[in-house]
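Report on one structure; see the data block that follows.
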Amino acid sequence: MKIRIRGNSIRYRLDKTDLELLQNVGKVESITHIGAGTLHFCIRGKDITDPIIKMEQDGVHLLLPLPQLDAWYPPDQVGFELTLPNHDGSELKVLVEKDFKCLTDRDEDDSQSFDNPMAGKNC
């Protein structure tokens, strides 16, 4: 899982392995070790009606309604965007999407990424 944080937004990009874990196990997570601590991101499917994001001691946990995830799994569905309220009255934008292979070589393993729909097209 790739995570990009910018201002009040978090973008999650899941590859084929991540999507399979989310679909079959009900959660996918990424842990980054920083010094003596860790930073943990988790996406979990739950039997809830509305998405929830919460910050805990060492990480960010995104809980998504199972029907929303089920609608996203088909190959033709790229992603979805959420706007979630913060306690201070601000909003957090969350984007969850499938991770496509890069169109240019980035010296990065994208063997589990989804085929890029723009590959082979003249832009």
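Derivation of every value follows stated rules applied to the coordinates shown; laboratory data play no part. Fair warning: this is a prediction, and the values are worked out from it, not measured in the lab.
Once you sort the root eigenvalues of the Cα gyration tensor of segment 1-73 as a ≥ b ≥ c, which label holds: rounded (a/c under 1.5), prolate (a/b larger than b/c) or oblate (the other case)? Cα axes put segment 1-73 in the prolate bin.
The stretch between L66 and N24 holds 13.9 nm of extra length on full extension. This uses 0.36 nm per residue minus the Cα-Cα distance.
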